[in-house]
Structures are given as structure tokens and as C-alpha cells.
Amino acid sequence: MKTGNLFRKAAAAPHILWSVMFIVFPLLFVIYFAFTDSYGNFTFDNITGLSGYTNTFILSIGFALIATVVCILIGYPLAYFISKTAPSKQKILIVLLMLPMWINLLIRTYSLMSLLDNGGLINGMLSNLGLPKLKMVGTGGAVILGMIYDFLPYMVLPIYTTMTKLDQRYIEAARDLGCNNFQVLTKVIIPLTVPGIISGITMVFVPSISTFYISQKLGGGTFDLIGDTIERQFQNELTYNTGAAISLIMMILILISLAVMNKFADNDEDGGIIV
């Protein structure tokens with residue numbers, strides 16, 4: 001027994017060391033810089049000064065919420081369709097869904113820019129048809145589209161997982177009791193897949209609210225989101241403390257949202273919740 005305990009502690013040591021070095025220490029550094037000035041003196045000025053970034057927080061949360069809702073509207077039917085196909089086809093469809101994720105985020109964003117730009121493929125086709133060009137890059141719609149394109153698989157996969165674990169006897173019982181297809185969907189399938197939906201919301205909303213590269217390229221510098229602001233603050237040593245304060249507030253917002261989502265998930269083991 002003692003040997004087993006020693007082995008488990010030795011096996012866990014690298015993971016604990018990794019967590020301390022790359023999770024705990026960075027968080028402590030953020031907290032330290034958030035509550036100190038450029039001379040290392042304790043202050044609340046960095047936190048109280050964030051009132052000037054209210055619009056940035058609101059815009060970031062708004063874009064992330066829209067992207068998350070659209071991902072649900074697209075991802076839920078897609079996950080349902082995949083779960084109803086033959087097992088051999090399911091594997092192919094999942095690979096096709098994940099295939100873009102094998103490509104670097106930067107390359108995917110540039111590829112989307114080449115489609116949406118004024119001289120891109122879409123506007124080129126419109127010009128050939130004699131139609132006016134559309135301004136897409138530099139708009140909020142382009143930024144939200146980039147979020148949806150990049151994070152949609154994170155919505156589909158947990159929902160698909162919950163659907164494949166559904167006990168078909170519930171659906172058969174609902175049909176035997178006279179439920180039509182719509183009632184089966186709304187009264188049986190959706191309630192039983194809520195944990196997967198919550199997990200998908202978590203995995204889409206969190207990266208959407210903190211993204212910066214998508215908004216920079218597809219937003220054309222028009223939109224200043226939280227991620228953009230943090231990046232800009234950390235490019236200058238004199239504004240490290242402000243950047244740390246914004247990062248701290250964003251982490252608190254994310255933790256609150258995760259706590260709320262986990263509460264709704266109700267710790268269902270079949271839901272695929274990851275937090």
C-alpha cells in the first residue's frame with residue numbers, strides 16, 4: 001500500500017509541477033500587477049479605472065453571446081443529423097467536421113478574409129454577375145462569422161456525444177404515449193441533451209469573449225474587444241497593470257459564467273461537461 005501511494009504521488013508530481021508553473025504562477029502574476037502601479041505600490045486605481053472600458057466589455061459579451069446562440073441554432077440540428085446516420089457514416093462526418101480544426105487558427109482566419117475581402121472570392125463573383133460589392137471585412141457580422149466558423153465544432157461535439165448516449169427506450173415510450181416528432185424533440189430529446197448544450201455553450205462562449213486575432217483581422221481594426229485591449233496593454237511596459245486588471249475582471253466573468261453553466265448542468269455524468 002505504501003509503495004502504491006508513493007507511485008501515485010510520483011506519477012502526479014509532474015502534473016502538479018506543470019499546473020503550478022503554468023497556471024497558478026501566471027494567475028498570481030496577473031493578480032499582483034492588477035493591484036499594483038508601475039512602481040510596485042499597492043493600489044485600486046487599475047480596477048476603478050476600468051469604467052472607461054465598459055463599452056468594450058459590453059461589445060465583447062454581445063458578440064460572444066450572438067456567436068454562441070447561432071452556434072446552438074446550427075450545431076444542434078447538425079449534431080442530431082450526425083447522430084441519426086449509420087455508425088460508419090458518423091465517423092466520416094465527424095472527421096469532416098473536425099478537419100478545419102487541424103489547420104492553424106491564423107490560416108483559417110486569413111482564408112476567411114480572402115473570401116470576405118473587397119477583392120475576395122465572394123465580391124469577385126458578385127462583380128462578375130454585375131452586382132455591387134458588399135463590405136464585409138470591418139463589420140461586426142464578419143467578426144461574429146469568424147467566431148462561428150472557428151468554434152462551431154466545439155458546440156456540435158458535446159451535443160453529438162449526449163445524443164449518442166440517449167436511451168432510445170425513452171423516445172419509443174414517448175411515441176407509444178402519442179407524442180409526435182415535435183413533441184418527442186421538445187419533451188424528450190432536448191431536455192435529455194441539456195448537459196451537452198451547456199458544455200457546448202461553455203466551449204464556444206469562453207473563447208469567443210476572449211478572442212483577439214479574429215476581431216483584428218475580420219474587424220479591420222474597427223472593433224476593440226477585450227482580447228484586443230489586453231494585447232495592446234501588454235505591448236507597453238507602462239500599461240502592464242491596466243492589462244492585468246482587465247484580464248482579472250475577464251477571468252472573474254468567465255468563472256461566473258462557468259459556475260452558472262455548471263449549476264444548470266446539474267453534474268450530469270452523461271452530459272460531457274468539462275469544467
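The values are calculated or read from the model by the stated rules, or taken from the named source; none is laboratory data. All of these numbers come straight from a predicted model, not from anything done at the bench. Using ideal geometry, Cβ is built from the backbone for each residue, glycine included, and neighbour counts are taken over all protein chains shown.
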Worksheet item: In segment 119-140, how many residues are modelled with pLDDT of 85 or more and buried (at least 16 other Cβ atoms within 10 Å of the Cβ)?
Response: 6
Discussion item. So the check is Cβ under 6 Å with 6+ separation or different chains; which pairs have a first residue in segment 197-212 that's closer than 17 Å to residue 251 by Cβ and a second one that's aliphatic (A, V, I, L, M) and surrounded by 24 or more Cβ atoms within 10 Å (Cβ to Cβ)?
Written reply: 205/64; 208/64; 208/67; 208/147; 209/64
Discussion item. When you scan segment 237-244, do you find a residue that is surrounded by 15 or more Cβ atoms within 10 Å (Cβ to Cβ), within 22 Å of the chain's Cα centre (by Cα), part of a helix (DSSP H, G or I) and modelled with pLDDT of 90 or more, even just one?
Written reply: yes
Worksheet item: In segment 186-244, which residues are more than 28 Å from residue 38 (Cα to Cα) and of a type in the set (D, E, K, R)?
Response: 187, 217
Item to complete: Filter segment 1-47 down to the residues that are assigned to a helix (DSSP H, G or I), more than 26 Å from the chain's Cα centre (by Cα) and exposed (fewer than 10 other Cβ atoms within 10 Å of the Cβ), then identify the one that is modelled with the lowest pLDDT.
Response: 2
Worksheet, complete the sentence: Subset of segment 37-78, residues of a type in the set (A, V, I, L, M), without any contact (Cβ under 8 Å) to a residue 12 or more places away in the chain and under 14 Å from residue 209 (Cβ atoms), comes to 58, 69
Worksheet item: When residue 127 is evaluated against the numbered criteria (1) in contact with a Leu (Cβ under 9 Å, 6 or more places away or on another chain); (2) under 29 Å from residue 219 (Cβ atoms); (3) without any contact (Cβ under 8 Å) to a residue 12 or more places away in the chain, which criterion, by number, is the only one it fails?
Response: (1)
